[in-house]
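Reading through the structure tokens given below for one structure.
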Amino acid sequence: MLRNFLLSMFDNLIYWYTILLVIRIISSWFYELFNSRIIIAIRVITDPYLDLFRGLIPPLGMVDISPIFAFFALKIMSSILKNIIYSL
């Protein structure tokens, strides 16, 4: 019972964080959105995580590929943590 609740809660958390990451990445393409209050709030939540990968992976010209690695790492961490919760 507790395990199912934790798995469900964790899945929802990962899902919504992924949505926030996608919104953050798409908003970076539109300068007029950059200073909106909603995007600023999303940047505060997502940029520390994305900055981890920006520091490791340099941009290719004008293209920042670090979010690809951020999504990949989030998926791996999600799988590992799900296995830990499932083993409880």
Here are some residues: M62, M77. Which one is more than 10 Å from the chain's Cα centre (by Cα) and open to solvent by 90 Å² or more (accessible area, probe 1.4 Å)? M62
From the option list N12, N83, N35, N4, single residue qualifying as part of a loop (DSSP other than H, G, I, E, B) and open to solvent by 50 Å² or more (accessible area, probe 1.4 Å) is N35
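The values are calculated or read from the model by the stated rules, or taken from the named source; none is laboratory data. Everything quoted here is computed from the prediction, not taken from an experiment. Surface areas here come from the heavy atoms of the whole protein model, side chains and all, with no ligands, DNA or RNA. Shrake-Rupley method; radii C 1.70, N 1.55, O 1.52, S 1.80 Å.
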